[in-house]
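Contents: one structure, followed by commentary.
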């Protein structure tokens, strides 16, 4: 029987702990699972709640920090110092697993020793609302070559994993290391990519794997300045992977060019959309433009998003929201014309 170590970091989330732990210990039949709750010096009763849960179940251990160490140090304490099962999972105290999620992930990793971690589809739900209906009967699994999966992340410039839906082979986690303290907001995707540079990636098909709670305290950025910070953090994450794993990636130079181009396009798109929506007073257009130029100093002006931004700047902030339908229509017409000509070129006309 596979053994699985689940790390549950907690900071002021004591009121979520019982449900989170229940999803790990009571809804994963057929696995040998143990839990470590790490309270990071919460000012509320989180530590007391954790100790009460541990007193009722010998599979639960509790560590309480006397001073706050931050989420990265807390994650790594559990992942690298405590976990000793075949597999390890990190589950925030405000999230929960779908019934059978660990069983499905462990079965995939048991069957495919070449896979370094397994993940599946997470379900987001709004805090205070009911849990969405989850699929619990998987239709199988797929294992992607690690470098193929990694290349796709670079090509898209984004991650595809939330976090609670991941189960990692513990031996690989120790080999690769934990979360990078230099990446407080993009440490997840950076670590998944490092793992993929060393092993293949498993995906659970047909079933949902975790519930991710959406509320005001999530460590994510939704404000306009935060979106720029997100791009900066993503860039650092991708560059960090290239620096740490470049010797394992013969296509590193191409990957670097692809992701820097993609991030520049993201930045320019956010900048020109500020004109469309009349939000140039809120969106840091100049900083987004500077970020794009820094990502792609020799080629950012050739990007279609840059031309779209320059057009909107010429039209101006007052008129652009009113003229947006006309501008978008003209752009669409030019795109259709371009594809029409290309179709004739392909026919040799």
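The values are calculated or read from the model by the stated rules, or taken from the named source; none is laboratory data. Being a predicted model, the structure only gives us computed values, none of them experimental. A quick note on method: Cβ atoms are made from the backbone with ideal geometry, for glycine too, and the neighbour counts reach across all protein chains shown.
Figures for the structure shown
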| read-out | value |
| --- | --- |
| Residue match in segment 168-176 (condition: closer than 24 Å to residue 213 by Cβ, in the same structural domain as residue 196 (by TED's automatic domain parsing) and either touching a helix residue (DSSP H, G or I) at 6+ places or on another chain (Cβ under 9 Å) or surrounded by 15 or more Cβ atoms within 10 Å (Cβ to Cβ) (or both)) | yes |
| Answer from 132, 164 - the residue that is over 22 Å from residue 11 (Cα atoms), in contact with a strand residue (DSSP E or B) (Cβ under 6 Å, 6 or more places away or on another chain) and not assigned by TED's automatic domain parsing to the domain that holds residue 296 | 132 |
| Criterion (closer than 29 Å to residue 62 by Cβ and at pLDDT 95 or above) met by exactly one of 99, 113, 145 | 99 |
| Residue in segment 82-96 that is free of Cβ contacts under 8 Å to residues at least 24 places away in the same chain and assigned by TED's automatic domain parsing to the domain that holds residue 8 present | no |
| Residues satisfying the stated conditions in segment 293-310, i.e. out of contact with any helix residue (DSSP H, G or I) (no Cβ under 6 Å at 6 or more places or on another chain) and in a helix (DSSP H, G or I) | 294, 301, 302, 304, 307, 310 |
| One residue from 263, 255, 228, 242 being part of a helix (DSSP H, G or I) and free of Cβ contacts under 8 Å to residues at least 24 places away in the same chain | 242 |
| Within segment 114-136, considering residues that are over 18 Å from the mean Cα position of the chain (by Cα) and closer than 24 Å to residue 193 by Cβ, the one surrounded by the fewest Cβ atoms within 10 Å (Cβ to Cβ) | 114 |
| Where residue 54 falls short, out of the listed (1) in contact with a strand residue (DSSP E or B) (Cβ under 7 Å, 6 or more places away or on another chain); (2) touching a residue at least 24 places away in the same chain (Cβ under 8 Å) | (2) |
| Any hit, segment 195-211, residues being in contact (Cβ under 8 Å) with a residue 60 or more places away in the chain and within 13 Å of the chain's Cα centre (by Cα) | no |
| From 303, 328, residue being assigned by TED's automatic domain parsing to the domain that holds residue 274 and either modelled with pLDDT of 95 or more or surrounded by 15 or more Cβ atoms within 10 Å (Cβ to Cβ) (or both) | 303 |
| Those residues of segment 277-292 which are assigned to a helix (DSSP H, G or I) and either surrounded by 17 or more Cβ atoms within 10 Å (Cβ to Cβ) or under 20 Å from the mean Cα position of the chain (by Cα) (or both), in sequence order | 285, 288, 289, 291, 292 |
| Matching residues in segment 164-203 - criterion: being farther than 17 Å from residue 104 by Cβ and assigned to a loop (DSSP other than H, G, I, E, B) | 177, 178, 179, 180, 181, 182, 183, 184, 185, 186, 199 |
